[in-house]
Amino acid sequence: MIRVLITQVILFLLPFLLYAGYLFLTQKLNRQAWIDAPRYWLIVTGLVFTLAGFLIMSQINNNSPGGTYVPAHFDNGVVVPGEFKRAE
């Protein structure tokens with residue numbers, strides 16, 4: 001779950017980081033450049049990136065909807081990682 005949260009936070013902050021990089025490369029790192037920043041468009045772009053990230057992650061997830069989660073357990077002294085069993 002923390003991986004999903006960190007991924008979404010990074011996707012949201014990506015436009016702000018790119019804008020900061022642009023200001024750094026154009027040598028406009030003064031206070032006025034951040035006051036005049038296109039904050040609305042940075043926020044909207046960040047939200048679009050976040051939504052796209054959620055959609056992509058939901059499509060990549062290969063767990064079947066009717067599957068059952070089997071938690072990690074010991075089997076003959078060896079840890080067997082948790083997994084989803086597909087519904088049959």
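Bear in mind these aren't lab numbers, they're just calculated from the coordinates by the rules spelled out. Remember, predicted model here, so these are calculated numbers, not experimental data. Cβ placement follows ideal geometry from the backbone for every residue including glycine, while neighbour counts extend to all protein chains displayed.
What order do you get for PHE49, PHE54 when you list them from fewest to most C-beta neighbours inside 10 Å?
Details: PHE49 17, PHE54 14.
Listed from fewest to most nearby Cβ atoms, that is PHE54, PHE49.
Of all alpha-carbon pairs in the chain, indicate the percentage at a distance above 17 angstrom.
66
Set the Förster radius R0 to 25 Å, insert the Cβ-Cβ distance between TYR40 and ILE6 as r into 1/(1 + (r/R0)^6), and round the FRET efficiency to 0.05.
Values: r = 25 Å, r/R0 = 1.01.
E(calc), rounded to 0.05, equals 0.50.
Tilt of helix 2-25 relative to the longest C-alpha principal axis of the chain, in degrees (0 to 90, nearest 10)?
So the helix axis and the longest Cα principal axis differ by about 20 degrees.
Residue-wise, which Karplus ³J(HN,Hα) couplings in Hz belong to the range 40-53, taking 6.51 cos²θ - 1.76 cosθ + 1.60, θ = phi - 60°, and x for glycine or proline?
4, 5, 5, 5, 4, 5, x, 5, 5, 4, 5, 5, 4, x
Between LEU29 and HIS73, what is the label-to-label distance in nm when each label sits 7 Å out along the Cα-to-Cβ direction?
5.6
Amide H of GLY67 versus every other amide H placed in the peptide plane: which residues, excluding those fewer than 5 positions away on the same chain, fall under 5 Å?
Here the answer is ALA87, since their amide H atoms fall under 5 Å of that of GLY67.
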